[in-house]
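Everything below concerns the one structure shown next.
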Amino acid sequence: MNEILRIMRKPIKQARNSWDGETGKQRAKEVKKIILEVADNYSNVLGLTKLEVIKAIEDKRTYSSINYYQKANFPKLKDDVIVYENQKELHEKIQPKRGFRCPSCGGISKDPYTCDSGEKNSDGKICDWKAYGLFGTMGKGLRFTVKDMFLENPRVDEIFMPIHLEELKIPTLKEIESVARDYIMKKFDEKLDGTWSFEVQYFGECKLKRLAIIYTNKNCSKPIYNEANENADELFKEAYNWLKTGIK
């Protein structure tokens, strides 16, 4: 813990000194909070120690702590970020030779970060959209990290959507959540004649998120809605057993 605090001291102090008074204090608190949250989440998902995570991300920092330690730079893993075990799995899953879909012009780019499709934008100019630009991939790309390379490259990558994954029609986390939620609510209605209560919403938030994460991270190419429904049925049984004693 002493070593963790020693490493954290520099970015926190830098944030504190970035502005006078309460603003500086608040910035320091926010930087500390994000560092600890990232260390907790990333260490659990990647099987690393908190010290290893904090040291890795701080060693790679090249600019101010208040701009570096932002949630956008360190999103939660296994939320909207896919974790690949190694480079081999990454290449097998995305098949980079097939190209990447540019979110701006819609063309197929060989480069996953900068559009080289040769397509023209609406203004008539050749598209050179960048995944690392201000607007990123506009929610149409792929965010991931590689587990066995994290300590040397502690970042979440955002690239254009691989054509291979696009053709698999892998659903988004929200799409899976929506399907599973509707299915489970229907089941509760059938089982309880519409008398389910607010606990169902609690169940939905806790359990459906887990379901969505599982299937998103598997990059499932099977009929996802059938898969979601089957698993929703199992979760329904679990939830019903948990709720039934409190339902009048």
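The values are calculated or read from the model by the stated rules, or taken from the named source; none is laboratory data. Here the structure is a predicted model, which is why all the values come from computation and not from measurement. Neighbour counts are summed over all protein chains in view; Cβ atoms, including those assigned to glycine, are modelled from backbone coordinates with ideal geometry.
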On the basis of being out of contact with any Lys or Arg (no Cβ under 8 Å at 6 or more places or on another chain), free of Cβ contacts under 8 Å to residues at least 60 places away in the same chain and among the charged types (D, E, K, R), does Arg16 make the cut? no
Mind checking which helices (runs of 4 or more DSSP H) fall wholly inside the stretch 43-107 and carry at least 2 residues that are aromatic (Phe, Trp, Tyr) and within 30 Å of Glu119 (Cβ to Cβ)? none
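Quick check on Tyr113: is it outside the structural domain of Leu134 (by TED's automatic domain parsing), farther than 19 Å from Asn41 by Cα and not charged (D, E, K, R)?
no
Can you spot a residue in the stretch 84-100 that is over 30 Å from Ile54 (Cα atoms) and surrounded by 18 or more Cβ atoms within 10 Å (Cβ to Cβ)?
Yes, the stretch 84-100 has at least one match.
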Given the conditions (1) charged (D, E, K, R); (2) touching a residue at least 40 places away in the same chain (Cβ under 8 Å); (3) not assigned by TED's automatic domain parsing to the domain that holds Leu151, and given that Glu37 satisfies all but one, which numbered condition is not satisfied? (2)
Output for the stretch 8-40, where each listed residue is under 21 Å from Val81 (Cα atoms) and touching a helix residue (DSSP H, G or I) at 6+ places or on another chain (Cβ under 9 Å): Ile35, Leu36, Val38, Ala39, Asp40
